[in-house]
Structures are given as structure tokens and as C-alpha cells.
């Protein structure tokens, strides 16, 4: 029996709204270090637990007139906006992928396409949540980025395994060749080494709070990145980050040289990278490393050049998560598209004489979403210009 298409679309939209309801919990609780599970949802004003029939996405907010049933305190429109935005995004991406065909070689829905769709929607949901948190508190919780990265590597590897006998992997799936695969393995080895050295105290962590600093002054440091913090020598602090990255870069280059120059190793490694699941897994990790790298390089050179912290480490990990989903080339394109959204915002404020500054995370998210939707168009431009 064939399920009517409208039922499938209604289900996708409803599922997106439910995910949006959960994102509201994430947005409020995660940066405040509260459990996402316990206790259940309650009114922030009176503390009364929210009844299950008052917790229906979109509907409850409208029926209750945006007020708590018990104390009549106003409920922020953000809850409705996030639920509606997430539902529409789930529906829009589903239609774009499986009906409009914005990605021509997208796997069929009932084969591996649904897994890839879920991976992409996890990323988009994370970008919605992290953007909302960043707009409010100027931070991006790293746990969101790590969750996306982990699920992306597993999901993309599973998709590649399912499509292993169906010919070359679709272009929408990140994949590594022998060279980039070797760089990835070497960089991961260097990252583990750096983390060990960091844990042993052999490498100093950047921007460690001074225990002798005034607590009142320290409490004001999170108001935004535009506040000049004279507690730190910013150029010195990013040098610690350069030291942290040094083993990553050195071992990546060493692994590349070994696998490309030693004949026996070269043949062995090429055979390993011929496996679709290995190529996809390392391609996803390579995308993560490049996503982190382009932002981290901007942070380091910007800080060295201007003498104050340029971009946050949350942005680094956010673009790493994006790279794990869309791959190294596309995350680089997304990073360079993001400033155009920032420029549009700046021009809007200039025209309407607004003064509020906002963090960069939402612009990175918009750039990444744009690349995901216009994937094929961007690939065609690359082929026309560079033949790659």
C-alpha cells in the first residue's frame, strides 16, 4: 500500500516541529549547565510543570495566547519561532532533496538517502540551536558541535557502506583520496598527542582564567568579543594555540610523505583507501579538520594582526562539525560565503541606523546552509573554473 505524499510531508513537518520544541530546551538549558532531560518542562516564572497538552508544538503557544496557563506570565515568541522554523526547514530540505532534486545524485530515500537526510538535519538543527544561543549569550556550546561531528562520521560511513556496490559515491558524500586520507590519519595522531601534552601540562591552555583576577571583573568578560580584555596578552595566548597545533601539522605532513613516497606503503595505503567506507569516514574527518582549520587560521592571524581575540573557539568547532557533514571543499566555500551575510547585516544596520552587534556564528550557519542547498551549482562552478 502506497502512503499518500501529503501524509509523508505532514509527518516530516510535524517531526521538525517536535525537534524544534526540543531545541528550545537545548537553547535554554545547555548554556546554563542544566539537564536536558530532568526535570520536565516548567514555566520559568511560576515553576509549574507544563502539562502534556500544553506542550504541543506550535498549537499550545497559539491556544494559550503566548501565556502560562497558571500564572499568565508571557511566553517568549522564540519558542514558536524556533518550532516553526525547524519544522519548515525539515520540510523544505526534504522537498529539495527528494522532490525538486537540488542534488542530482542524492541516494534514493528508501536506500541510504534517509540516513543522509537525518545527518544533514542533525547539523541544521544544531546550527539553529547554536545560532540562537550565540545571539543571546555570545557562546557556542562545544558539546553541540562534538555531537554533530560524531553522528556525522558514523552516519556518512554507514551511507558509504550501503552504497559500496552501487558505483562511485555521490558527490554529496565527503570522501578522501590516498593523499587526504594520509593527512587525516597523521593529523588525528597529532591531535591525540597534543591533547595528551595538554593534559600533562606540557602545553599551556590559551586564555586560562587568572585565579588572582577580580571575580567581578571576570564575570563581565562574557558580554561580547568586542570588549577588550586587558587581562590577557592576546598575541601570546594564540601562540599557545599554535604550539597545540604544531604536532597536528607536523604528523599530517609526515604521514603524507610516508604514504606517497615509500613504494610498499603507497600500494598498501591506496588499497585501503579504495574501500568506500574508509574513504567516506576519513573524508568526513578531513572535512572536520579543514572546517576547524580555516576558522582557526583566521582566529590566529587575526589575533596576531590586531592584538585582540579574533573569532571564538566555538566558531572553530562549529565549522568543524559542518565540514564533517559537507566535506572539506564545501566547508571552505561556506566559510567564504558567510561574510556576505555579515555584510548584508552591517548594511541593514547602517541604513536603519541600528547599532546592535551580533556574533559571527549565525552568519557561518547561513553560509553553511546555503552551500548545502546549492551544492550542485557550486560543484558545477568548480568544474567549470578549475576542472576539479
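The values are calculated or read from the model by the stated rules, or taken from the named source; none is laboratory data. Given the structure is predicted, the values throughout are model-derived calculations rather than measurements. Every residue, glycine as well, gets a Cβ built from its backbone with ideal geometry; the counts of neighbours run over all protein chains shown.
Tabulated results
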item	result
Every residue from the range 167-202 that is more than 21 Å from residue 240 (Cβ to Cβ) and free of Cβ contacts under 8 Å to residues at least 24 places away in the same chain	167, 168
So residue 254, is it modelled with pLDDT of 95 or more, in a helix (DSSP H, G or I) and over 27 Å from the mean Cα position of the chain (by Cα)	yes
First in the range 361-388 and over 30 Å from residue 138 (Cα atoms), second anywhere and crowded, with 20+ Cβ neighbours inside 10 Å and modelled with pLDDT under 90, Cβ under 8 Å, 6 or more apart	376/103
Residue in the range 339-353 that is part of a loop (DSSP other than H, G, I, E, B) and touching a residue at least 60 places away in the same chain (Cβ under 8 Å) present	no
Verdict on residue 304 being more than 17 Å from residue 131 (Cβ to Cβ), surrounded by fewer than 16 Cβ atoms within 10 Å (Cβ to Cβ) and touching a helix residue (DSSP H, G or I) at 6+ places or on another chain (Cβ under 9 Å)	yes
Matching entry among 47, 101 (being farther than 30 Å from residue 366 by Cα and loosely packed, with under 14 Cβ neighbours inside 10 Å)	47
Subset of the range 140-154 [surrounded by 22 or more Cβ atoms within 10 Å (Cβ to Cβ) and more than 11 Å from the chain's Cα centre (by Cα)]	153
Residue match in the range 279-286 (condition: farther than 30 Å from residue 170 by Cβ, buried (at least 18 other Cβ atoms within 10 Å of the Cβ), modelled with pLDDT of 95 or more and within 23 Å of the chain's Cα centre (by Cα))	no
